[in-house]
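**Student:** Please see the structure below; I have some questions.
The values are calculated or read from the model by the stated rules, or taken from the named source; none is laboratory data. Everything quoted here is computed from the prediction, not taken from an experiment. Remember, those area values only see protein heavy atoms, side chains included, never the ligands or the DNA or RNA. Shrake-Rupley method; radii C 1.70, N 1.55, O 1.52, S 1.80 Å.
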Amino acid sequence: MHEDRRTQFLKLITDAKFKPEQAAFVTAFQSREHGAFKKTVASLAWGSFAWCLSEPGHLIAFDGMQSGAVKLLRDFLPS
């Protein structure tokens, strides 16, 4: 999720009368070693998350989100 896309989604969310803190932006990857992750990690938006299939119980948080969003996302992760 790059910054422009995050901004566009936030506009849709607020136009629909939701609060920005009710949204979480997650990009999924095969693994941190996979080329797709290495190619795009530097352009992921602040305030978003990355999740890797190879490490399903973990999230990579790009600083900027409310701590409540991290808790919300953790509820969906396997134990």
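**Student:** Using 0.36 nm times the number of residues separating A28 and A16, minus their current alpha carbon distance, what extension gain do you get?
**Tutor:** 1.8 nm
**Student:** I've got another one for you. Rounded to the nearest 10 Å², what accessible area does S54 show when all protein chains are kept and the probe is 1.4 Å?
**Tutor:** Probe radius 1.4 Å; accessible area of S54 about 70 Å².
**Student:** Can you list the residues, at least 5 places off or on another chain, whose amide H is less than 5 Å from the amide H of V26, using H built in the peptide plane?
**Tutor:** Amide H neighbours of V26, under 5 Å, 5+ apart: F49.
**Student:** For region 1-46, which whole-number percentage of the solvent-accessible area (1.4 Å probe, protein heavy atoms only) is attributable to carbon and sulfur atoms?
**Tutor:** Percent of accessible area from carbon and sulfur atoms in region 1-46: 57.
**Student:** Here's something else I'd like to know. Once ligands and nucleic acids are excluded and a 1.4 Å probe is used, how much of E3 is accessible, expressed in Å² to the nearest 10?
**Tutor:** Result for E3: roughly 80 Å² accessible.
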